[in-house]
Amino acid sequence: MRAVLLPRPGQIEVTEVDDPTPRDGEVIVEVARVGICGTDLHIVKGEFPPTPFPIIPGHEFAGTIASVGAGVDAGLVGQRVAVDPSLFCGKCAQCRRGRGNLCADWGAIGDTVDGAFAQYVAVPAANCYRMPDSMTFAQGAFVEPVSCAVHGVRRLGVEAGERMLVMGAGPMGLIVAQLLTAGGAVVSVVDRVAAKAAAALELGAVEVGTSVEELSTRRFDAAVDVTGAPAAMAAALGALDRGGRLQVFGVAAAEARLEVSPFEIYNDEITIIGTMAVLHSFDAALDLVARGVVNVDALLSHTYPLEEFATALDAVANGAALKAQIALES
Ligand SMILES: [Zn+2]
Ligand SMILES: [Zn+2]
């Protein structure tokens, strides 16, 4: 089959590789659509610590079950599915507490084992979620990022009427902003690029700006940083009302540091909340996308064939694309 292979950090090949064979409990998915996300940029450069090389990346995907391994119902062949890429051991202390996303042996299809920038990918049958007939593969490939946002919003909590700030208007920021709006929050969005911030207005934000200072809302009950940039997090922290909460959603460099005032955290009862990937949120995300509560069609700006993976990656890296997908469906 054709696949994007990363032999080592910084090197991309679109090449012929062996078809995957399903192990017990697995199915082979014929890939239709795969999203390119910020994590892929880090993986390609070798900046995502859990990723081994060589690897086929690709963790946001949908397709059709082509064959099944031992112990899997053969009736699943032909089913159109979105796939939760999360892999966890089920045995460690965090897994036993129901927090598989914090598993001591956490992995993900496309991040730690071969993924979906390929014609076929082997995945556990249990990770497959049937898509309604009305859902397109392009929408199905958005379920994974939406499920990350659903987990984040559940961790943050939202009450009707809360003033909320989203830092970053990339695809993830625009998904988070939509979910917060649906939850009844009054949402402001900041992005350094004015055109990206403006897209948030179409998706329910009440105001946008290229900096916090440009906004008319002066104090926020909560802020979500989706950029991973410490400067943006500091600006968000500075815009919180007393009693406010900051969610760190964006992926910062492992060595990055954020300066905080312990006195302000104490005196103003500030809460800082992390959120990591997907946890019991995939089926909810699928429903939110299927019913249009989260509009993902508006986020998809570019589609490329597999052979143009490197071009697609560049378009995401340099900001030309909002969301880019690789299309393999015939
Ligand atoms: Zn992703
Ligand atoms: Zn575990």
Margin query: Residues of region 155-172 with backbone nitrogen within less than 19 Å of a virtual label 7 Å along the Cα-to-Cβ line of Ala194, please, listed as ranges.
Written below: 168-170
Next item on the list: Take the alpha carbon atoms of region 204-282, find their center, do the same for region 3-52, and report the distance between the two centers in whole angstrom.
Entry: 32 Å
Next item on the list: Pull out a ≥ b ≥ c, the square roots of the eigenvalues of the alpha-carbon gyration tensor of region 75-117, then state rounded if a/c is under 1.5, prolate if not and a/b is larger than b/c, and oblate in the remaining case.
Entry: oblate
Next item on the list: Enumerate the calculated ³J(HN,Hα) couplings along region 154-171 in order (Karplus 6.51 cos²θ - 1.76 cosθ + 1.60, θ = phi - 60°), each rounded to whole Hz, writing x wherever the residue is Gly or Pro.
Entry: 5, 5, 6, x, 9, 10, 3, x, 5, 8, 10, 10, 10, 9, x, 10, x, x
Next item on the list: Mind checking which of Ser216, Leu174, Gly115 is farthest towards the positive end of the chain's charge dipole, using Cβ charges of +1 (Lys, Arg) and -1 (Asp, Glu) about the Cα centre?
Entry: Ser216
Check: What size of dipole, in debye to the nearest 20, comes out for the chain about its Cα centre when the only charges are +1 on Lys and Arg C-beta atoms and -1 on Asp and Glu C-beta atoms?
Finding: 640 debye
Item checked: Stretch gain in nm, segment Ile273-Met1, where the contour uses 0.36 nm per residue and the Cα spacing is subtracted -> 93.7 nm
Item checked: Anchor Lys323: lysines whose Cα lies under 26 Å away (excluding residues fewer than 8 positions away in-chain) -> Lys45, Lys196
Notebook entry, point to check: Once label points are set 7 Å from the Cα along Cα→Cβ at both Val77 and Ala234, what is their separation, rounded to one decimal in nm?
Noted result: 5.9 nm
Check: Going by average Cβ neighbours within 10 Å, how do the peptides 98-104, 285-291 rank, with the highest at the top?
Finding: 285-291, 98-104
Next item on the list: Just rank Met172, Met1, Met164, fewest to most, by other beta-carbon atoms within 10 angstrom.
Entry: Met1, Met172, Met164
Margin query: Let me spell out the model: positive unit charges on the Cβ of Lys and Arg, negative unit charges on the Cβ of Asp and Glu, origin at the Cα centre of region 147-274. What dipole size does that give, in debye rounded to 20?
Written below: 220 debye
Note to self: I want to check the label-to-label distance for Leu258 and Asp314. Put each point 7 Å from Cα in the C-beta direction and report it in nm to one decimal.
What the structure shows: 3.5 nm
Next item on the list: Kindly work out what percent of the DSSP beta bridges joining two residues of the chain are antiparallel, to the nearest 5.
Entry: 55 percent
Note to self: Using a 10 Å cut-off around each Cβ, can you sort Met135, Met233 from fewest to most neighbouring Cβ atoms?
What the structure shows: Met135, Met233
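May I ask you to order 86-97, 318-329 by the average number of other C-beta atoms within 10 Å around their residues, highest value first?
318-329, 86-97
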Checklist line | Rounded to whole Hz, the Karplus (6.51, -1.76, 1.60) HN-Hα couplings of region 242-252, x for glycine and proline | finding: 4, x, x, 10, 10, 9, 9, 9, x, 8, 8
Check: Normalised by the number of residues in the chain, what is the relative contact order in percent for Cα pairs under 8 Å and 6+ residues apart?
Finding: 18 percent
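Only the coordinates and a few stated rules stand behind these numbers; no lab work does. What you see is a predicted model; the values in this text were computed from it and never measured. Glycine also receives a Cβ, built like all others from the backbone with ideal geometry; neighbour counts cover every protein chain displayed.
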